[in-house]
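Below is one structure, written out as structure tokens, with a few remarks after it.
The values are calculated or read from the model by the stated rules, or taken from the named source; none is laboratory data. What you see is a predicted model, and the numbers here were worked out from it, not measured in a lab. Cβ sites come from the backbone with ideal geometry, for glycine too, and all protein chains shown count toward neighbours.
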Protein chains: 2
Amino acid sequence: MTPIITAFERSPDGGKGLARDTRVRWALEEVGQPYEVRLVSFHAMKAPAHLSLQPFGQIPTYEEDDLVLFETGAIILHIAERHAGLLPNDGNARARAITWMFAALNTVEPPILELSTAKFQEGDKPWAQERLPLIMDRIRHRLDQLSARLGDADWLDGAFSAGDLLMVSVLLRLRPSGLLDAFPKLVAYVARGEARPAYQQAFAAQLAVFTGKSSAG
Amino acid sequence: MTPIITAFERSPDGGKGLARDTRVRWALEEVGQPYEVRLVSFHAMKAPAHLSLQPFGQIPTYEEDDLVLFETGAIILHIAERHAGLLPNDGNARARAITWMFAALNTVEPPILELSTAKFQEGDKPWAQERLPLIMDRIRHRLDQLSARLGDADWLDGAFSAGDLLMVSVLLRLRPSGLLDAFPKLVAYVARGEARPAYQQAFAAQLAVFTGKSSAG
């Protein structure tokens, strides 16, 4: 069967492509696999039917025959293992690409997500303004280290991989903050990711949900 | 060659087993693989030699022949793919176990790490006390969802897997806070993990570094 992913019925970012379904759409486009999308309302995300697929009440999920997966990283790894285009064939290079998948989600994204938490869950607190520079310093520290490792390379380890797909996606969340602008190598890296035809297709597909023009990739 | 992992020369938790090398030690014990340990000082972790292995200046790393990996999740997945004992053979069950690895690191651990950040990086700020209940509520929300999914099962999806290894490790970080105590199913789940001989061996090996009795597993 054609895999089915879930996405927000109304994306909180208004179609900027920052919701996590964009990452899965991008991966499916990179490997040339068609997919269907089931849109989920905020209300339905917290209801038993969706929680049976995604115990934390989030999107995306991935359904294929009798397999149900959640967690963007796990879904993308599953796609990458079954189709060529997202992981190198060589065993060591493959393990290093997977390392960058975990680094994107587990080391670089958490301080970035603190920005959203500070804005949406603590934006009305008396400490909101004073705390912001501390969060930004922690993000800059990670960006410094990431930029140093990337250097002048196009991608993090050899050819484009699922590790780059996730790292670029994570860095894109920073664009509204302007924090990325101080790291020209990372700006160029993100631009290379965005320029990929598969990203363009994924972005257009998620935007089409928002503008009401289409809901399938 | 016998793989070499890195660990703190002086663990900040004083041997409680919360540093991430314990997770890798546990995985290696589950699959019965010997390993060596190279201890790294806080100073050396930020120096070029270590940064060439771990661009974010953290432990653990994993070296095996000419392969160098970092990120605990990636290291454990690499071990689990090469040795029996941490992932099911069936493809779908394997993908679901990997989903729990990502869920532990990417969905459950980030709010828990906010507790450490609040304590060690913002503990002297005027908002420290007032902000703590907000962080704790976010953690409780995740624990509620995780406990509901676990239910009365021993492990998250069938037999013990690398997903449980990481989830138990993440939940262990909460013990000092007392937050786990309101979730008896999760308390029992963590206890089942700790009772495994492989965990006991890993815990003893990391403690031996602290007490000065040994540094290899």
| task | Evaluate the following for residue B:156: is it buried (at least 17 other Cβ atoms within 10 Å of the Cβ) and either assigned by TED's automatic domain parsing to the domain that holds residue B:26 or not β-branched (Val, Ile, Thr) (or both)? | result | yes
| note | Reported set for segment B:80-96 where residues are crowded, with 20+ Cβ neighbours inside 10 Å and under 16 Å from residue A:101 (Cβ atoms) is B:80, B:95
| note | Among B:146, B:180, the single one that is more than 12 Å from chain A (Cβ to nearest Cβ) and either farther than 30 Å from residue B:92 by Cα or at pLDDT 95 or above (or both) is B:180
| note | Given the conditions (1) buried (at least 20 other Cβ atoms within 10 Å of the Cβ); (2) among the acidic types (Asp, Glu); (3) within 11 Å of chain B (Cβ to nearest Cβ), every one holds for residue A:164 apart from (3)
| remark: Of the residues in segment A:99-116, those that are among the polar types (S, T, N, Q) and surrounded by 18 or more Cβ atoms within 10 Å (Cβ to Cβ) come to A:99, A:106, A:107
| remark: For segment A:142-159 the number of residues that are touching a residue at least 24 places away in the same chain (Cβ under 8 Å) and out of contact with any helix residue (DSSP H, G or I) (no Cβ under 8 Å at 6 or more places or on another chain) is 2
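Results for (1) facing chain B (nearest Cβ under 10 Å); (2) free of Cβ contacts under 8 Å to residues at least 12 places away in the same chain; (3) more than 21 Å from residue A:143 (Cβ to Cβ); (4) not hydrophobic (A, V, I, L, M, F, W, C), shown as yes or no for each residue.
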residue: A:80; (1), (2), (3), (4): no, no, yes, no
residue: A:87; (1), (2), (3), (4): no, no, yes, no
residue: A:92; (1), (2), (3), (4): yes, yes, yes, yes
residue: A:96; (1), (2), (3), (4): yes, no, no, yes
residue: A:102; (1), (2), (3), (4): yes, no, no, no
residue: A:114; (1), (2), (3), (4): yes, no, no, yes
residue: A:121; (1), (2), (3), (4): yes, yes, yes, yes
| remark: Conditions (1) crowded, with 20+ Cβ neighbours inside 10 Å; (2) in contact (Cβ under 8 Å) with a residue 24 or more places away in the chain -> residue B:74 fails only (2)
| task | Go through A:137, A:124, A:144 for me and flag whichever is of a type in the set (D, E, K, R) and either outside any helix (DSSP H, G or I) or in contact with a His (Cβ under 8 Å, 6 or more places away or on another chain) (or both). | result | A:124
| query | In segment A:17-63, which residues are in contact (Cβ under 8 Å) with a residue 60 or more places away in the chain and surrounded by fewer than 16 Cβ atoms within 10 Å (Cβ to Cβ)? | reply | A:34, A:36, A:39
| request: Give the residue, chosen from B:3, B:55, B:60, B:34, that is at pLDDT 95 or above, within 13 Å of chain A (Cβ to nearest Cβ) and farther than 20 Å from residue A:108 by Cβ. | output: B:3
| request: Return yes when residue A:170 is free of Cβ contacts under 8 Å to residues at least 24 places away in the same chain and either in a helix (DSSP H, G or I) or out of contact with any strand residue (DSSP E or B) (no Cβ under 7 Å at 6 or more places or on another chain) (or both) and no when it is not. | output: no
| query | What number of residues within segment B:63-78 satisfy the criterion of being more than 7 Å from every other protein chain (Cβ to nearest Cβ) and within 13 Å of the chain's Cα centre (by Cα)? | reply | 3
| Unmet requirement for residue B:11, which otherwise passes all of (1) surrounded by fewer than 22 Cβ atoms within 10 Å (Cβ to Cβ); (2) within 30 Å of residue A:54 (Cβ to Cβ); (3) among the polar types (S, T, N, Q) | (2)
